[in-house]
Amino acid sequence: MTNPLLSPIALGDITAPNRILLAPLTRGRSNREGLANPLMAQYYAQRAGAGLLISEATAISAEGRGWPNAPGIWNREQAESWKQVTQAVHDAGGRIVLQLWHMGRVSHPQLHGIQPVSASATTAPGEAHTFEGKQPYVEARALETHEIPRLIADYENAARLAKEAGFDGVQLHGANGYLIDQFLRDGTNHRTDDYGGSIENRTRLLKEVTQALIRVWGAGRVSVRLSPNDGIQGVEDSDTYALFDHAVKVLDDLNIGFLEIRDPLPSGTFGSGLGPRRSAHLKTIFKGPVVDNADYTAQSGAAALEKGEADAISYGRPFITNPDLVDRIAHGHPWTEGGDPSAWYGNSAEGYTSFPPYSA
Ligand SMILES: Cc1cc2nc3c(=O)[nH]c(=O)nc-3n(C[C@H](O)[C@H](O)[C@H](O)COP(=O)(O)O)c2cc1C
């Protein structure tokens, strides 16, 4: 039987030749201005064999940026710089969508000179990465209700610039404890306006931002990443099943191209899941393609597709060390394991574009 990971799939309006996707990976190879560069173009082109590349998280505004040397997409110069990346990926036969990021409270004034914003006045646990090393997070300021249209306009502006830059679509980063996730969960959202309180209200920002992206791209080129099975970066909710069942229903109603779930195993090696994987359950709510992520091997990925638990798999760390991951899965070649985690967010080609394709 042929490996189901190798069969094509329509991810909304994007046709992927296989079901092995690059998961979004922050690599910190941009610069202070958030510009893309030739090294990033080379990195993505090396991985163009993926059914679809989901870019590293990219800040939609200076306010939304919380990681030094993460790229941005809020001005024309940044959009221009991304053209070399989209061109290189397309020249290599690939497809790439841009992951749109507002980090909310997981940010620091050192990066942009203002107090970080969030759903409510809360403080992220731990320390922020800044241009001057690690510093404790500060308390975020609750966004005023009248500021929400401006926030949505920032997402829409970024989506438009992503189009100018030549991407094939956009993904809303709704996962991992960043701004959208901070609004979703009652541990970080204590608002009393239309964006807080009931589950319907807490999912309103997710819905309105997704609608804004759809206005620019059409639903078939918009995807969303959620992390229902995860309590990362201090975001918690009293009922993640009720919350995410509703959130996924909202996205199903909007008919987006695909849903990606960060869905780690209870004993995951890069953040642990809160319980068993959610993708099979969420597939009963979301009718479009569900891309599942975290802790998958070639075997467990194929098995998940065979069992109907997911429609495609996104691989993160495996793609760091195996740029030709699709070929390795197709031919049963061994994977290069490990890689040095200190190079994940480094600033050089080493540990980034330095991994060769398989050779016997
Ligand atoms: C170096 C690194 C950077 C990451 N950056 C992002 C990111 O920008 N956006 C995102 O949604 N997830 C990010 N993640 C999470 C990955 O997309 C993925 O969920 C995680 O690596 C687990 O998948 P894996 O087991 O296939 O590696 C990152 C993970 C790593 C290791």
Which links in Lys134/Lys163; Lys163/Lys283; Lys163/Lys287 stretch past 32 Å when you go from one Cα to the other?
-> Lys134/Lys163
Given the protein chains as shown and a 1.4 Å probe, how many square angstrom of Asp237 are accessible, to the nearest 10?
-> 30 Å²
Kindly report the accessible area of the stretch 4-343 per residue (heavy atoms of protein chains, probe 1.4 Å, no ligands, DNA or RNA), in Å².
-> 35 Å²
Local electrostatic count at Ile285 - Lys and Arg +1, Asp and Glu -1, tallied over other residues with Cβ under 13 Å = +1
How much mean residue ellipticity at 222 nm does the chain get from its helices, if each DSSP H run of length 4 or more adds -39500 (n - 2.57) and you divide by all residues, to the nearest 500 deg cm²/dmol?
-> -8500 deg cm²/dmol
Dimensions of the stretch 4-343 along principal axes (Cα, Å, largest first)?
-> 54, 42, 37
Relative to the compact-globule estimate 2.2 N^0.38 Å (N residues), the Cα gyration radius of the stretch 249-315 stands at a ratio of 1.08
Rounded to the nearest 10 Å², the accessible area of Thr15 using a 1.4 Å probe with every protein chain kept is 100 Å²
Set of aspartates and glutamates with alpha-carbon distance to Lys249 below 12 Å, sequence-local pairs under 8 removed | Glu200
Whole Å is fine, so just give me how far the alpha carbon centre of the stretch 282-360 lies from that of the stretch 60-103.
-> 21 Å
Counting only protein heavy atoms with a 1.4 Å probe and every protein chain in place, the carbon and sulfur fraction of the accessible surface of the stretch 4-343 in whole percent equals 50 percent
With +1 at each Lys and Arg Cβ and -1 at each Asp and Glu Cβ, the charge dipole magnitude of the stretch 4-343 around its Cα centre, to the nearest 20 debye, comes out at 400 debye
At 1.4 Å probe size, with no ligands or nucleic acids counted, give the accessible surface of Tyr178 in Å², nearest ten.
-> 30 Å²
Output the peptides 139-148, 270-279, 159-168, 111-120 sorted from most to least packed, where packing is the average of other Cβ atoms within 10 Å over each peptide's residues.
-> 159-168, 111-120, 270-279, 139-148
Which whole-number percent of Cα pairs in the stretch 263-360 have a distance greater than 19 Å?
-> 50 percent
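The values are calculated or read from the model by the stated rules, or taken from the named source; none is laboratory data. Everything numeric in this text was worked out from a predicted model, so none of it was measured. Neighbour counts are summed over all protein chains in view; Cβ atoms, including those assigned to glycine, are modelled from backbone coordinates with ideal geometry. Quick note on the areas: whole protein, heavy atoms, side chains included, nothing else; ligands and nucleic acids left out. Shrake-Rupley method; radii C 1.70, N 1.55, O 1.52, S 1.80 Å.
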